[in-house]
Every structure is written in structure tokens, then in C-alpha cells.
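Here's the structure, in C-alpha cells; my notes come after.
The values are calculated or read from the model by the stated rules, or taken from the named source; none is laboratory data. Everything numeric here is computed off the predicted structure, so don't read it as measured data. Please note: Cβ atoms are built from the backbone with ideal geometry, for glycine as well, and neighbour counts cover all protein chains shown.
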Amino acid sequence: MKARIHVTLKNGVLDPQGKAIEHALSNMGFGGVEEARQGKYIELDLMETDKEKAHASVDDMCRKLIANTVIENYSIELE
Amino acid sequence: MKSAVIVFPGSNCDRDLAVALEKVTGNKPLMVWHQEYDFDTVDFIGLPGGFSYGDYLRCGAMSARSHVMKEVIKRANDGVPTFGVCNGFQILTETGVLPGALMRNANLHFVCKDVPMTVENTDSIFTSGYAGKREITVPVAHHDGNYYADHETLDRLEGEGQVAFKYTADINGAQRRIAGVLNKRGNVLGMMPHPERMIEPALGGTDGRILFESVLNSLG
């Protein structure tokens, strides 16, 4: 089973790299981008075949390492 | 005073910290590699600056989960004076021993210069020697020193004297210009500036030396 994890900064946490992307896009002439937020995408290949167990295990991984929940949120997709 | 400096792959201020500790205490610190599970009893544990594990995932994230840190966290929670500088501060926040997180500098620049700071609390074992000396100058060298915590946490830190140092001007976007924080018990300090690089006049000043002397004096 594959786990796809998105880690993003929490709302209200300043994202200077997202801001730089936003400014670069605007300087390049791309209009209409109101805001850019940068995050991380992590893919895991799991041996687990039970979706519920896999979710519990990946959720534990996210809380203990993959995301820093002081500043980040995460979302998990399993396939 | 017997001290230990923890060394991670990618630490690059471990020797600076060792030299400072030896000059101030007269004893060579024990250098402990990150794969160790245990090390001799010491009076002081130092986590050095650098770019441990290449800052992979987040600064300090990998080091915070290394073997040796389980022992460091245990001893820090037992009251052993523990000091994290720069990357060491990032590691301590990643372990949860210190509150908050250190993010990319708000202006995205790597800042490398001597900065003036105010000493916000002179009652701790690390800062008692600064009594009567409100402003000090210590160098910084970091890309991810932008201290973040939510408002409630910041209010609590300020209210309970856990903010040890503040920059006098905004250099990296840190919330409330916080440069260093203590844990609740006061035996753990993390700070982005490098006091170990300001221990003798030849290095530009001695403001950093006072921090190590304070710990030494607190141990009697």
C-alpha cells in the first residue's frame, strides 16, 4: 500500500519561502496568484495491507517525525 | 565541572564549544558521538551548532530522534544543566524539551554577524553572571533562527521568566525577538547566538564567557 503525505505550515504561521515563490511568479508576469504556501510531499511504500492499521501507523509516524505539529499540519492518503 | 559535548554528523561548532568549556572549567569535555546509548555522568551537557544530518526534513529533526538524545532528554528532565546552541537549540525544540520551533529566517537570508541582545532573566544558572549587565553582544550564524510559538505559549514564556535573551532589533523574524529560551525548571537553555564564540578579547569580546562561568559558579 502507498501512503501519500502532505505536510503544510499551519494557518497563521509565516511562510517566507511561499512568499518568495509568490513574488517570483508576480515578477515573471504571472498575475492572479493571491498567495503561495510551500509544503512537503512524502511517499511511503508500506507492507501493511489493512487500510485502518496502515492509517494508524502512518499517523503515528507523522506525529513522531514527519511533521512538527508545533508549526505544521499533515494529511494522509492511502492507496 | 565535568561536561559533555554531543557530536552529530554535520555538527561544526562542537570543537568551539569544547574549547570554550575547557577554557572556562579547566577540564576537557567528553565528546559523545550520536550513536552512543549512554555516557559518563557529567555536570553539564552541550549540544553544539552546525547542520546535523544536513538539516534533512527539518533542522534538528533527525538528531532529536538519535540514540544519544534519549539519554540526553532523560538527564535534562532529571535536572542536569543542558545547553543547546544554534542547531543544538533546534534539536531541543524538536525533542519537545524546549517549547516552540525554529523556522526559516523571515527575510530568507542567512544572518552571520555580531548582534546585541538583552538579558531578560538573570536568575537562571546560565545567566546569573549577567546581573547588572543588561545588554550583551554575541555572534549569530544561522538560516533557521526564526523562533515561533503560539501566542499563549509566548505569553507564558514571558510571564514565567523563560525567555532568557532577546535581540534588540529584529534580525530573523523571531516572535517577540526571542533569541534564547529556558525550560520551566530552568536547567535547560537553548539559544541561536553563539556565546562559545565570544569567550576572549581576541575573538571580539567576552560576553559569551559569562554564560559558562555562570553555570560553573552555580555548581559551586
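Tabulated data
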{"read-out": "Test result for A:ARG4, basic (Lys, Arg), under 14 Å from the mean Cα position of the chain (by Cα) and under 22 Å from B:GLU94 (Cα atoms)", "value": "no"}
{"read-out": "Matching residues, segment B:54-111, being on the phi > 0 side of the Ramachandran plot, in contact with a Pro (Cβ under 9 Å, 6 or more places away or on another chain) and part of a helix (DSSP H, G or I)", "value": "B:GLY54"}
{"read-out": "Yes/no for B:THR41 being among the polar types (S, T, N, Q) and in contact (Cβ under 8 Å) with a residue 60 or more places away in the chain", "value": "no"}
{"read-out": "Residues satisfying the stated conditions in segment B:140-192, i.e. crowded, with 18+ Cβ neighbours inside 10 Å, hydrophobic (A, V, I, L, M, F, W, C), part of a loop (DSSP other than H, G, I, E, B) and more than 14 Å from chain A (Cβ to nearest Cβ)", "value": "B:MET192"}
{"read-out": "Check on B:VAL68, within 16 Å of B:TRP33 (Cα to Cα), more than 14 Å from every other protein chain (Cβ to nearest Cβ) and in contact (Cβ under 8 Å) with a residue 12 or more places away in the chain", "value": "yes"}
{"read-out": "Matching residues, segment B:94-109, being within 7 Å of another protein chain (Cβ to nearest Cβ) and among the aliphatic types (A, V, I, L, M)", "value": "B:ALA101, B:MET103, B:ALA106, B:LEU108"}
{"read-out": "Count of residues meeting criterion [in a loop (DSSP other than H, G, I, E, B), among the small types (Gly, Ala, Ser) and surrounded by 15 or more Cβ atoms within 10 Å (Cβ to Cβ)] in segment B:1-53", "value": "2"}
{"read-out": "Sole residue being within 14 Å of another protein chain (Cβ to nearest Cβ), farther than 30 Å from B:THR153 by Cα and in contact with a strand residue (DSSP E or B) (Cβ under 7 Å, 6 or more places away or on another chain), chosen from A:LEU78, A:LEU9, A:LEU44", "value": "A:LEU44"}
{"read-out": "B:PHE126 vs. criteria assigned to a loop (DSSP other than H, G, I, E, B) and closer than 26 Å to B:LEU219 by Cβ", "value": "yes"}
{"read-out": "Residues located in segment B:67-104, provided they are surrounded by fewer than 20 Cβ atoms within 10 Å (Cβ to Cβ) and out of contact with any helix residue (DSSP H, G or I) (no Cβ under 8 Å at 6 or more places or on another chain)", "value": "B:HIS67, B:LYS70, B:GLU71, B:LYS74, B:ARG75, B:ASN77, B:ASP78, B:GLY79, B:VAL80, B:GLY96"}
{"read-out": "Members of segment A:19-38 found to be within 12 Å of chain B (Cβ to nearest Cβ) and out of contact with any Asp or Glu (no Cβ under 7 Å at 6 or more places or on another chain), listed by number", "value": "A:LYS19, A:ALA20, A:ILE21, A:HIS23, A:ALA24"}
{"read-out": "Members of segment B:203-217 found to be surrounded by fewer than 17 Cβ atoms within 10 Å (Cβ to Cβ) and either assigned to a strand (DSSP E or B) or modelled with pLDDT under 95 (or both), listed by number", "value": "B:LEU203, B:GLY204"}
